[in-house]
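Beneath this line is the structure, given in structure tokens, with notes to follow.
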Amino acid sequence: MKRRVVITACSAITPIGYNKQDIIDSLLQGKSGVAPLRDDGLLTKHIHSRVFGTVGYPIEYNFSRYFRKTMGPVAYYACQVAKDVLEQSGLDQNFITSGRLGVAFGSIHGSPTVQRDIYKAYFNELDTKFSSIGAVDYLRSMVHTTAVNITRMFGITGRVISSSTACTTSSQSIGYGYEAIKFGMQDAMLCGGADEYDTTTVAVFDNLLACSVKYNETPECTPRPFDSKRDGLVVGEGGGAVMLEEYEFAKKRGATILGEIIGFACNNNGGDLILPNHDGIKATLKLALENAEITHEEVDFISAHATATKMGDVIEAQAMHSVYGDKPLVSGLKSYMGHTMATCGAIELILTLYMMEQGFIAPTLNLDKVDERCAMLCHCQEVTDANINIAAIQNFAFGGVNTCVLVKKV
């Protein structure tokens, strides 16, 4: 029997805030979290894009040294939001360690700052036989460091899924968590993603000519999803987590229900590894609607992937229109904080939950003049009072991976 899956807790560390009210205020006030790129003394001078969606505020981590020794910066983000959702959910320690709670959590490539230190030791300190490389450096840097540090810190013994599919990492994690509960493999799943600040990530996208470069002196003016003057994405950082639970289990223990995951789809374009694909995106959106057993008319709001790349936004707009027409309001939430990489799907779901609760839709920031090739959609260009009953969160990644998560107000 298929089971219902609800969200009982959420937490996000973002460039526009960590506290829920700070994030909501940023959305209502049109506050950007994009700032000048920090100089790392190595790669920065070679990078054309000089902007970054940065977590520019201190976070107090009360982690013991026992846990900190296997954690790079990305794991700090992951474990902090995991700690938040575990506390917020009210799940007791017996359940957390029972095997009925699992983890689906990832990053795009582990901890690049730790990896860089390892590579520097490799190339510069051969004569010392790698004496500067610590015994736990691999644990701090490995691609599944977020997921396993969460399980270690909180004693979680259920299944572990550590997706690493670039921009779809956390939305895929949420989808896989949803399926694990829906089909009875787990009663609850802690799901999300995280990525840390490092100029190597910026350098990769900069080298692909995908980054914004025209607004280096005015970082708050970029990215510009769907805008005629957009010039590329802005790399960002952060962490986001949600607690998913089986509905009857959550209801029985009196948990607060923030929303219900009613559908998920994931597929691949089966072709180009970089360019988005109209047919692949369209198929994913339709599969998600079928999975949720709803029609496109029932969707009130779409959180678009909307990275502000020149062709990505156009192809996504065309695919959305072919499925939804011009009815749902559409916003590109990356306009506030840049592309937070692995964590974007989780953060965008959480921001959607906040808007669902508060009764408004935040506009796409910096959308001054809609590109005529994207104008067929119902773009949200100002704060709009709205009763969001069902929302779609869609994300698309290098490698041709497409995801769509559908969430319903309860």
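The values are calculated or read from the model by the stated rules, or taken from the named source; none is laboratory data. Here the structure is a predicted model, which is why all the values come from computation and not from measurement. Every residue, glycine as well, gets a Cβ built from its backbone with ideal geometry; the counts of neighbours run over all protein chains shown. What goes into the accessible areas is simple: the full protein's heavy atoms, side chains included, and nothing from ligands, DNA or RNA. Shrake-Rupley method; radii C 1.70, N 1.55, O 1.52, S 1.80 Å.
Just the C-alpha atoms of region 145-191: what Rg/Rh do they give, with Rh taken as the Kirkwood radius? Result for region 145-191 is an Rg/Rh of 0.96. Here the Karplus relation 6.51 cos²θ - 1.76 cosθ + 1.60, evaluated at θ = phi - 60°, turns the backbone of region 214-228 into coupling constants of 7, 10, 4, 8, 9, x, 5, 8, 9, x, 10, x, 6, 7, 5 Hz, with x for every Gly and Pro. Looking at region 1-63, the accessible area is 51 square angstrom per residue; that uses a 1.4 Å probe and ignores ligands, DNA and RNA. For region 326-339, backbone phi angles converted through the Karplus equation (6.51, -1.76, 1.60; θ = phi - 60°) give residue-by-residue couplings of 10, 7, x, 5, 10, 10, x, 6, 5, 4, 8, 9, x, 8 Hz, Gly and Pro being listed as x.
Computed from backbone phi, the HN-Hα couplings of region 61-66 come to 9, 9, 9, 6, 4, 3 Hz, rounded to whole numbers (Karplus: 6.51 cos²θ - 1.76 cosθ + 1.60, θ = phi - 60°; Gly and Pro given as x).
Working from Cα pairs under 8 Å separated by at least six residues, relative contact order for region 295-365 is 37 percent.
Based on a Kirkwood Rh over C-alpha pairs, give the Stokes-Einstein translational diffusion coefficient of the chain at 25 °C and viscosity 0.890 mPa s in µm²/s. D, rounded to a whole number, is 117 µm²/s. When both bridge partners sit in the chain, DSSP labels roughly 70% of those beta bridges antiparallel. Treating region 1-68 as a set of equal point scatterers at the Cα positions, no solvent, please give the Debye-formula log₁₀ I(q)/I(0) at q = 0.20, 0.21, 0.24 Å⁻¹. The Debye formula, applied to the Cα set alone, gives -0.95, -0.98, -1.05. Based on protein heavy atoms only, region 351-410 ends up with 37 Å² per residue of surface accessible to a 1.4 Å probe.
In nm, what is the difference between 0.36 nm times the number of residues separating THR157 and ILE274 and their Cα-Cα distance? Please list the in-between numbers first.
Values: separation 117, 0.36 × 117 = 42.12 nm, distance 3.64 nm.
My answer for the length gained is 38.5 nm.
Using 0.36 nm times the number of residues separating VAL383 and LYS45, minus their current alpha carbon distance, what extension gain do you get? Spell out each step's value before the answer.
On the way: separation 338, 0.36 × 338 = 121.68 nm, distance 3.83 nm.
In short, 117.8 nm is gained.
A simple spin-label model places pseudo-atoms 7 Å from Cα toward Cβ; at GLN358 and VAL204 they are separated by 3.2 nm. One Cα centroid belongs to region 282-350, the other to region 359-410; the line between them spans 5 Å.
For the chain, the relative contact order works out to 24 percent when only alpha carbon pairs closer than 8 Å and six or more residues apart are counted.
How high is the relative contact order of region 153-308, in percent, with contacts defined as C-alpha pairs under 8 Å that are six or more residues apart? Before the final figure, lay out each step's value.
Numbers: 158 pairs, mean separation 34.6, N = 156.
It comes to 22 percent, rounded to a whole number.
Each part gets one Cα centre, and for region 200-239 versus region 19-76 those centres are 16 Å apart. For the chain, the fraction of 1.4 Å probe accessible surface lying on carbon and sulfur atoms is 52 percent. The simple Förster model, with R0 at 56 Å and r as the Cβ-Cβ distance, assigns GLU297 and LYS69 a FRET efficiency of 0.60. Potential lengthening of the chain between ASP368 and ILE257 amounts to 36.3 nm, from the contour at 0.36 nm per residue minus the alpha-carbon distance.
Dividing the summed -39500 (n - 2.57) terms of all DSSP H runs of n ≥ 4 by the residue count of the chain sets its mean residue ellipticity at 222 nm at -10000 deg cm²/dmol. The calculated FRET efficiency for the pair VAL136 and ASP326, based on their C-beta separation and a Förster distance of 56 Å, comes to about 0.60.
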